[in-house]
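Below is one structure, written out as structure tokens; the observations come after it.
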There are 2 protein chains.
Amino acid sequence: MSETSLSASPASLSPLRLLLLGYGHVAQTFLPLLASRSEWLASELGIRAIISGIGTRSQGYYIHPNGIDATLLARETDPKRSFIKQANRVDTAEIFIVAGKTAGASLLLELTTLNPQDGQPALTHIHSALSSGMDVVTANKGPVAFALADLQALARQHHVQFRFESTVMDGLPLFNLTQFNLQAVGMRSFRALLNTTSSLVLSLIEQGYSLEEGIRQAQKLGVAEADPWYDLDGWDAVMKTTILANTLLGGQLTPQMVEREGIRNLSLDAIHASARAGTPIRLVSQAHKIHRQVIAEVRPRPISQEDILHVGKGTTSVISLETEAMGTITLVEHEPVVIQTAYGVLSDLITVLQRRQQVT
Amino acid sequence: MSETSLSASPASLSPLRLLLLGYGHVAQTFLPLLASRSEWLASELGIRAIISGIGTRSQGYYIHPNGIDATLLARETDPKRSFIKQANRVDTAEIFIVAGKTAGASLLLELTTLNPQDGQPALTHIHSALSSGMDVVTANKGPVAFALADLQALARQHHVQFRFESTVMDGLPLFNLTQFNLQAVGMRSFRALLNTTSSLVLSLIEQGYSLEEGIRQAQKLGVAEADPWYDLDGWDAVMKTTILANTLLGGQLTPQMVEREGIRNLSLDAIHASARAGTPIRLVSQAHKIHRQVIAEVRPRPISQEDILHVGKGTTSVISLETEAMGTITLVEHEPVVIQTAYGVLSDLITVLQRRQQVT
């Protein structure tokens, strides 16, 4: 199972050694997706992905000195357990990153779960990895919402990359689009439905469920979390809105600066009446630039039939960008599941590699 | 008016000398847009745009040996006339390209109008420019629909770039998106409303206009051409569908291989009945990949309320991409006007410059 045993890979491929921090749904979906793209990565980028470390807070941090080929690892029934068996345990996430770097890892995939209070400990992980000269890809909104400018400055200082495409609308390439393809377009404002749990729960209430039943049903469908209130009180949307306001509109907001109102205090009557009138209520994120100031909010609003946000049915996410040179552009992600988030991570990984190759 | 007279520009900026071939709506909108972004181009890319040549078939081909600063030229009431006064006339488009290259131009903007039969003479212009070592940006669908693979091969051979973002959905970065940001996503198929004239005429018929009145109204609104049948018979959609099928799905189609049915033979009764039933008829482009074959068609179809293409009201364009790793993604361009096309040209110009800087 060591990397040298993969006779199928031409020797000419460069190893890309990865550290996986966090091993929840996204990481578990990412690993087979990465493996399924091994031929593409070999032919297009000349690389072969190797997992050098897997760490989780509950089960510990493990480094394999040679690393294990990602394709072979993904074939295991339980890749993490298989990895752990062959690897060395280290004590903390900090040591994990240092030891991983020593073992040749050049890219940290930070896929731990969100702490909406302050983005920790992911923020410290990312800080350590960037400082040690590793590129970082994260799917974790916390560090990006709380410390984007700092992390970007740190990345520049160490000549490494920090990417976070999957934090908003999963792998829909919103940040890459605006960074690489909508340059000088004059972005003015956006409106969006970004939180699938609240959209789904509101839809279910409109169909006759009570709030509690709607939440239970959304949990059964795997959309709502065990504690749904982070979503329903608007915090998830606030995190995403902060990230978008800062990247798309050049704001310098923290999550606390986004006006927030969740759907907790909406009455069933109000939800039903608005839906019957053809203007269902949804949790709308919006931000706009006035002079150099960016103002952002998350709030339940009735959505008219003529409003493009009306397409956001069920768990569909939608964002409408108002620009100077391209008028209004809308992007819709239809009923995403976890593979979309995993694809966002893969897409960031590809971008990191291509930019490395451009620089050298 | 020579380039040396622009004392405001720091000497450190690199001149970017451009040839403009074609001087219709797009070029006339592009020039002030380019001028409005001069600070951005200076600060982000370190360049200053200079027009070295303007050529049109009806009024001749003109080269200025030093070139005229694009910002200064855009301030003139009639930039083309002003340019012509100071420039030297040459006999043909071929000589224009050679003389422009000699005068230091490194980028041809091919903005002539479409010849739907064979893409000429734009195809020859682009061929000459690429062969002489110039990058080319075009807004002309013909050459891309008829000869994309050849032109891309030619560009590779001469280590230059060929870009055509504005040929489909104007400056909405469809090609850049899929080339740079949706890599390895596994694109399977697309469905789209791409022809604004037929959408608008059908909308007007639904509102009670006759076909002739609808066409006249669409012409008044500046959407339909003097000869509307290229649009209404589906040829414009076929060109765009060919380009998308070949770029997004890796097809090798020519426009003749796309099944085509326009809206000419639809009865008013059928249009009204379908609209009354809540499924208005629109000209739908679609293509999908079976094994390695790509099959594409353009055809009027009823659009149900649940169909995302239903958002394509008035002149709004919409495309829905079905992918393996990102599910379905939809992009909407709301009621575009000519500045969107001009932005597509600017966006291509920026991409060309950034990739030049990455290579060197």
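For the reader, a short list of remarks on this structure follows.
- Figure legend. Inter-residue proximity from the stretch A:272-295: first residues over 30 Å from A:Tyr209 (Cβ atoms), second residues part of a strand (DSSP E or B) and of a type in the set (S, T, N, Q), beta-carbon distance below 6 Å, spacing 6+ or different chains. Indicated pairs: A:His288/A:Ser189.
- Output for the stretch A:204-214, where each listed residue is open to solvent by 20 Å² or more (accessible area, probe 1.4 Å) and not acidic (Asp, Glu): A:Gln207, A:Gly208, A:Tyr209, A:Ser210, A:Leu211
- Hits in the stretch A:137-178 - residues which are more than 18 Å from A:Ser317 (Cα to Cα), basic (Lys, Arg) and in contact (Cβ under 8 Å) with a residue 12 or more places away in the chain: A:Arg163
- Of all the listed residues (B:Leu244, B:Leu283), the sole one being surrounded by 21 or more Cβ atoms within 10 Å (Cβ to Cβ) and out of contact with any Pro (no Cβ under 8 Å at 6 or more places or on another chain) is B:Leu244.
- You will find that of A:Ala277, A:Ala224, A:Ala218, the residue that is farther than 22 Å from A:Ser189 by Cβ, of a type in the set (A, V, I, L, M, F, W, C) and open to solvent by 40 Å² or more (accessible area, probe 1.4 Å) is A:Ala277 and no other.
- Qualifying positions in the stretch B:267-277 - hydrophobic (A, V, I, L, M, F, W, C) and touching a helix residue (DSSP H, G or I) at 6+ places or on another chain (Cβ under 8 Å): B:Leu268, B:Ile271, B:Ala275
- Answer from B:Gly222, B:Gly171, B:Gly119 - the residue that is within 15 Å of B:Leu21 (Cα to Cα) and at pLDDT below 95: B:Gly119
- Within the stretch A:224-259, the only residue that satisfies the criterion of being free of Cβ contacts under 8 Å to residues at least 24 places away in the same chain and closer than 30 Å to A:Gln183 by Cα is A:Gln256.
- Matching residues in the stretch A:116-139 - criterion: being of a type in the set (D, E, K, R) and open to solvent by 40 Å² or more (accessible area, probe 1.4 Å): A:Asp118
- Among the residues of the stretch A:176-191, the one identified as of a type outside the set (Lys, Arg), in a strand (DSSP E or B) and either within 9 Å of chain B (Cβ to nearest Cβ) or over 23 Å from A:Phe162 (Cβ atoms) (or both) is A:Ser189.
- Among the candidates A:Arg191, A:Arg156, A:Arg216, residue that is modelled with pLDDT of 95 or more and touching a strand residue (DSSP E or B) at 6+ places or on another chain (Cβ under 7 Å): A:Arg191
- Put simply, of B:Ala70, B:Ala42, B:Ala49 the only residue that is of a type in the set (A, V, I, L, M), at pLDDT 95 or above, open to solvent by 20 Å² or more (accessible area, probe 1.4 Å) and under 19 Å from B:Leu349 (Cα atoms) is B:Ala42.
- The stretch A:201-210, residues that are in a loop (DSSP other than H, G, I, E, B) and under 28 Å from A:Phe164 (Cα atoms): none
- Candidates B:Trp235, B:Trp229 - the one that is open to solvent by 10 Å² or more (accessible area, probe 1.4 Å) and within 22 Å of B:Leu111 (Cβ to Cβ): B:Trp235
- Residues that are within 24 Å of the chain's Cα centre (by Cα) and either open to solvent by less than 60 Å² (accessible area, probe 1.4 Å) or at pLDDT 95 or above (or both), drawn from the stretch B:57-67: B:Gly60, B:Tyr61, B:Tyr62
- Whenever a residue of the stretch B:11-36 is over 15 Å from B:Leu353 (Cβ atoms) and in a helix (DSSP H, G or I), it has no partner that is open to solvent by 10 Å² or more (accessible area, probe 1.4 Å) and aromatic (Phe, Trp, Tyr) lying with C-beta atoms less than 7 angstrom away and at least six residues away or across chains.
- Boolean, B:Leu107 is within 14 Å of chain A (Cβ to nearest Cβ) and farther than 16 Å from B:Thr247 by Cα: no
- Lone unmet requirement of (1) hydroxyl-bearing (Ser, Thr, Tyr); (2) modelled with pLDDT of 95 or more; (3) open to solvent by 20 Å² or more (accessible area, probe 1.4 Å) for A:Ser82: (3)
- Answer residue from the stretch B:87-115, given it is part of a strand (DSSP E or B) and open to solvent by less than 50 Å² (accessible area, probe 1.4 Å) and is nearest to B:Val345 (Cα to Cα) among those: B:Leu109
- Count of the stretch B:183-203 residues which are more than 20 Å from the chain's Cα centre (by Cα) and open to solvent by 10 Å² or more (accessible area, probe 1.4 Å): 7
The values are calculated or read from the model by the stated rules, or taken from the named source; none is laboratory data. Since this is a predicted model, take the numbers as computed values, not measurements. Reconstructed Cβ throughout: ideal geometry from the backbone, glycine too, with neighbour counts over all protein chains shown. Surface areas here come from the heavy atoms of the whole protein model, side chains and all, with no ligands, DNA or RNA. Shrake-Rupley method; radii C 1.70, N 1.55, O 1.52, S 1.80 Å.
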